[in-house]
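Quick note: the coordinates plus some simple rules give every number you see, no bench work behind them. Remember, predicted model here, so these are calculated numbers, not experimental data. Using ideal geometry, Cβ is built from the backbone for each residue, glycine included, and neighbour counts are taken over all protein chains shown.
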Amino acid sequence: MRADPGAKTTIKSFAGQTGGTEYFFTVEPSGEGDFAHQLHSVARHYADAVKARGLMPETAIFRRILVSDVLNQEAAVRASPLVTDKAAGPVAISLVQQPPLPASKIALLAYHIDGDASLAKRRISPELLEVRKAGRRHLWSTGLRSGRSEHGVSSYDETTAVFQQLVDALAAQGGTLAADCIRTWLYVKGVDVFYQDLVDCRTALFAQHGLTRETHTIASTGIEGACGGRYEVVAMDAYSVLGLAREQISYLNDFHLLGSTLDYGVTFERGTRVAYADRMHNFISGTASIDPQGRVVHPGNVLRQLGRALDNIEGLLHAGGAGLADMMHLTVYLRDIADYRVVRNSLNERCPGLPVLVVLAPVCRPDWLIEMEGIAITANNQPGLPAF
């Protein structure tokens with residue numbers, strides 16, 4: 001198969017004093033050719049980038065594969081080296097229909113950890129990967145789905161089903177939703193119609209598990225996306241860490257820019273920071289152009305919304321002792337494909353060199369033209385905390 005010289009691979013890494021080096025890769029094909037060609041291009045350029053960095057295949061932890069038509073493309077992805085590479089060992093695979101922009105059929109976000117001999121991976125179930133590192137157990141849950149195969153099931157019931165899978169999986173490993181889940185990604189087919197039922201279900205479910213205004217909730221993104229089943233409306237990925245000490249976890253907000261989500265009936269944290277001896281992970285939830293009262297700022301103007309969303313993210317990061325320069329990657333969700341070029345050009349100016357994927361995925365309110373999420377990592381010097 002011919003080469004794809006227009007493909008783009010972007011890489012950013014963080015090297016800690018004791019916990020090894022974390023790598024984030026984004027791979028985008030040129031958009032030329034059919035799906036088989038683009039899939040081959042992504043797999044090849046990713047493998048070349050991993051090799052060029054001197055990384056062994058088994059350093060791979062997580063891959064999110066974004067496609068344009070999951071019902072027709074899933075089988076080919078599942079049969080590709082992105083999923084079947086035995087040298088990598090088990091890897092958490094998230095497969096989501098969110099068409100990559102400007103006009104590709106597939107794109108990849110990948111996460112690796114290198115330089116820690118203690119790291120070991122184990123597949124507990126098709127949806128659950130355990131990563132043991134420095135005595136800590138990191139659980140990656142991907143592709144949680146209700147399994148519905150018929151019309152008429154509510155998004156409320158599907159949300160209940162996917163969260164129950166996560167709750168059960170954590171319980172089986174000695175964990176709980178409230179104590180151990182750090183981050184969720186919720187994908188809703190038809191977000192303009194079905195998002196509110198998801199929100200209502202999550203609020204009720206969180207209350208049952210002790211996640212309230214007086215305690216905390218969970219960093220999250222709730223966005224348009226599809227994960228396979230023809231009739232399934234809701235799917236979820238999640239990241240949990242078992243046994244973190246209470247002092248390792250804090251929650252991020254800048255109340256000059258953003259109010260609490262609970263003030264307008266939504267239950268998720270704007271951001272969650274996890275501190276280790278040598279680094280801090282700042283998980284930034286899906287963030288849009290919103291003010292402290294929960295109102296959309298700059299309706300109809302995507303560039304001004306982009307600027308406000310980045311300002312909001314920067315405010316969240318500052319609350320955790322970080323900045324935009326510490327972002328490791330950014331996923332950008334657009335409602336209108338026509339906004340891609342101006343958004344990408346603006347991001348290239350404000351965040352040069354950052355691994356960025358831009359996808360077609362409407363946000364939960366039609367007036368929001370753009371939303372963004374990602375993770376920032378900064379150095380820490382608290383040797384009394386557990387190692388990463």
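Odds and ends about this structure:
- Nonlocal amide H pairs with residue 221, under 5 Å, H built at 1.01 Å: 184, 185, 186, 286
- Cα-centred dipole magnitude for the range 270-388, charges only on beta-carbon of K, R (+1) and D, E (-1), debye, nearest 20: 100
- A value for P(r) over Cα pairs in 10 Å bins from 0, in percent was derived from the coordinates, and within the list (i) 4, 17, 20, 16, 13, 12, 10, 6, 2, 0, 0; (ii) 4, 19, 27, 24, 15, 7, 2, 0; (iii) 5, 24, 36, 27, 7, 0 it appears as (iii).
- Contact order, relative form, for the range 1-117: 35 percent (alpha carbon pairs under 8 Å, 6 or more residues apart, mean separation divided by residue count).
- Among residues other than residue 204 with Cβ under 15 Å from its Cβ, the summed charge is -2 (Lys and Arg +1, Asp and Glu -1).
- Proximal lysines to residue 8, defined as alpha-carbon separation beneath 28 angstrom and excluding residues fewer than eight positions away on the same chain: 51, 86, 105
- Amide H contacts of residue 212: none lie under 5 Å away among residues 5 or more positions distant or on a separate chain (H built 1.01 Å from N in the peptide plane; Pro and chain starts excluded).
- Residue 279 long-range amide H proximity, modeled H, under 5 Å: 380
- For the chain, modelled as a GNM whose springs connect Cα atoms under 10 angstrom apart, the maximal fluctuation among 67, 296, 153 occurs at 153.
- DSSP H segments from the chain that extend 18 Å or more along their own axis, Cα-based, with Kyte-Doolittle mean of -0.5 or above: 35-52, 155-172, 191-208, 302-319
- Largest first and in whole Å, the equivalent-ellipsoid semi-axes of the range 1-117 read 25, 15, 13, each the square root of five times a Cα gyration tensor eigenvalue.
- Most positive-pole-ward Cα, 287, 68, 134, against dipole of the chain from beta carbon charges: 134
- Annotation: aspartates and glutamates with alpha-carbon distance below 20 angstrom to residue 133 (same-chain offsets under eight excluded): 22, 58, 114, 116, 180, 247, 278.
- Low-density loop positions, trypsin sites (Lys or Arg not before Pro), the range 282-352 - DSSP coil, at most 16 other Cβ in 10 Å: 295
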